[in-house]
Amino acid sequence: MSKLSEPHFQNAEAAREWFEAQRWPEGRVCPRCGTVGRSYATKKPGVYRCAEAKCRKDFTVMVGTVMERSHIPLHKWLTGFYLMASSKKGVSAHQLHRTLEIGYEAAWFMAHRIREAMREGGLLPPMGGEGGIVEADETYYGKVEVQRPRRKRLGPPTKGGKSGPAGKRAIVSLVERGGSVRSFHVAVADKATVQKIVTENVSREAELHTDESRLYGGAVSHVASHERVKHSADEYVRYDRRPGGTVRIHTNSAEGFFSIFKRGMKGIYQHCKEKHLHRYLAEYDFRYNHRVKLGFDDLARTRMAVKGAEGKRLTYRQPH
Ligand SMILES: [Zn+2]
């Protein structure tokens, strides 16, 4: 915890300078009009005025980020970012409330805003380009709050084509072998939904690895090839000898991700409303995509989350 004794985690002024250096490494950019390097400091520390004749507006480093209009001091924000970026399983609003000495509601809002900063935004490149391997798998977590009318015949097909668990929240994740994950909370895990997710996120050159679930049938035509492991026959890794070398066919990366997610959710977040599930997924995706193995330490991961705070705003009226 030595990091947290550094000044930018301890006082608001130092934190503001830290945030400013992160956001404006090459000179201040007016978040109102986008003009670069044409603003000056006002008498109020941290408040700048745009010198552009058409703009002339005041701004701070928080404008246009998830922190906009927050009354929480910036060193507490930075500590919140750091704690959520560095804790493997996440940090509860209750823990933020006690550690940062802010109200519980403020802590709850902060946690959700940091999750929003962690969410990958914009157009993402397709996964598994140049013949890379993408694993796809589904899992179920927590009960659905509003029972959806059940389909006439059966619920979502899963392993071995059997009916999926009724009344549980379905999650589909794609994991690039040795790379990043993208998770989706879906209303129903069915063929059409999975096909759409694969088509929108996976390269046509990719090799798709799944278990024997029928869910992936529709996605097969999108990718270069599709390999399955037969979990029902106790097959977890298959070694496929090819001219270029042996390829391991499995979905262990996706399953590993699900296990981190579920352990964290059970241990830290216990009660997660269904409407917020996608935010928690974004948080776990973020940490997985900036893990140590990919070259990110706690501080680098914190910086990436802070970077993502820009251009995103969340306005909640009430917690829960
Ligand atoms: Zn401006």
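The values are calculated or read from the model by the stated rules, or taken from the named source; none is laboratory data. What you are looking at is a predicted structure, and each value in this text was computed from that prediction instead of being measured. FYI the Cβ positions are ideal-geometry reconstructions off the backbone, even for glycines, and counts take in every protein chain you see.
Any residue in the range 282-291 that is in contact with an Asp or Glu (Cβ under 9 Å, 6 or more places away or on another chain), among the charged types (D, E, K, R) and crowded, with 20+ Cβ neighbours inside 10 Å? Yes, because at least one residue in the range 282-291 is in contact with an Asp or Glu (Cβ under 9 Å, 6 or more places away or on another chain), among the charged types (D, E, K, R) and crowded, with 20+ Cβ neighbours inside 10 Å. Looking across the range 47-68 at every residue that is aliphatic (A, V, I, L, M), surrounded by 21 or more Cβ atoms within 10 Å (Cβ to Cβ) and within 22 Å of the chain's Cα centre (by Cα), the one that is nearest to GLY308 (Cα to Cα) is identified as VAL66.
Within the bounds of the range 198-211, is there any residue that is in contact with a Ser or Thr (Cβ under 6 Å, 6 or more places away or on another chain), part of a helix (DSSP H, G or I) and either touching a residue at least 40 places away in the same chain (Cβ under 8 Å) or closer than 21 Å to GLU120 by Cβ (or both)? Looking through the range 198-211, none of the residues is in contact with a Ser or Thr (Cβ under 6 Å, 6 or more places away or on another chain), part of a helix (DSSP H, G or I) and either touching a residue at least 40 places away in the same chain (Cβ under 8 Å) or closer than 21 Å to GLU120 by Cβ (or both). Please go through the range 66-113 and give me each residue that is β-branched (Val, Ile, Thr), out of contact with any Phe, Trp or Tyr (no Cβ under 6 Å at 6 or more places or on another chain) and more than 20 Å from HIS276 (Cα to Cα), ordered by number. Across the range 66-113, the qualifying residues are ILE72, THR99, ILE102. Test PHE9 against the criterion of being modelled with pLDDT of 95 or more, over 30 Å from LYS262 (Cβ atoms), in contact with a Lys or Arg (Cβ under 8 Å, 6 or more places away or on another chain) and part of a helix (DSSP H, G or I), and give yes or no. Yes, satisfied.
Entry remark, the range 246-263: residues being part of a strand (DSSP E or B) and closer than 11 Å to ASP211 by Cβ number 1 in total. Within the range 20-36, the set of residues being more than 11 Å from the ligand (Cβ to nearest atom) and either more than 13 Å from MET62 (Cα to Cα) or in contact with a helix residue (DSSP H, G or I) (Cβ under 6 Å, 6 or more places away or on another chain) (or both) comprises GLN22, PRO25, GLU26, GLY27.
Residues checked against (1) out of contact with any helix residue (DSSP H, G or I) (no Cβ under 6 Å at 6 or more places or on another chain); (2) within 16 Å of the ligand (Cβ to nearest atom); (3) of a type in the set (Phe, Trp, Tyr); (4) free of Cβ contacts under 8 Å to residues at least 12 places away in the same chain:
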| position | (1), (2), (3), (4) |
| --- | --- |
| LYS57 | yes, yes, no, no |
| HIS97 | no, no, no, yes |
| GLU116 | yes, no, no, no |
| ARG119 | no, no, no, no |
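Please work out if GLY267 is in contact (Cβ under 8 Å) with a residue 60 or more places away in the chain, over 12 Å from the mean Cα position of the chain (by Cα) and loosely packed, with under 13 Cβ neighbours inside 10 Å. Answer is yes for this residue. Filtering LEU124, LEU96, LEU83 for residues that are in contact with a strand residue (DSSP E or B) (Cβ under 9 Å, 6 or more places away or on another chain) and either of a type outside the set (D, E, K, R) or under 21 Å from GLN10 (Cα atoms) (or both) leaves a single hit, LEU124.
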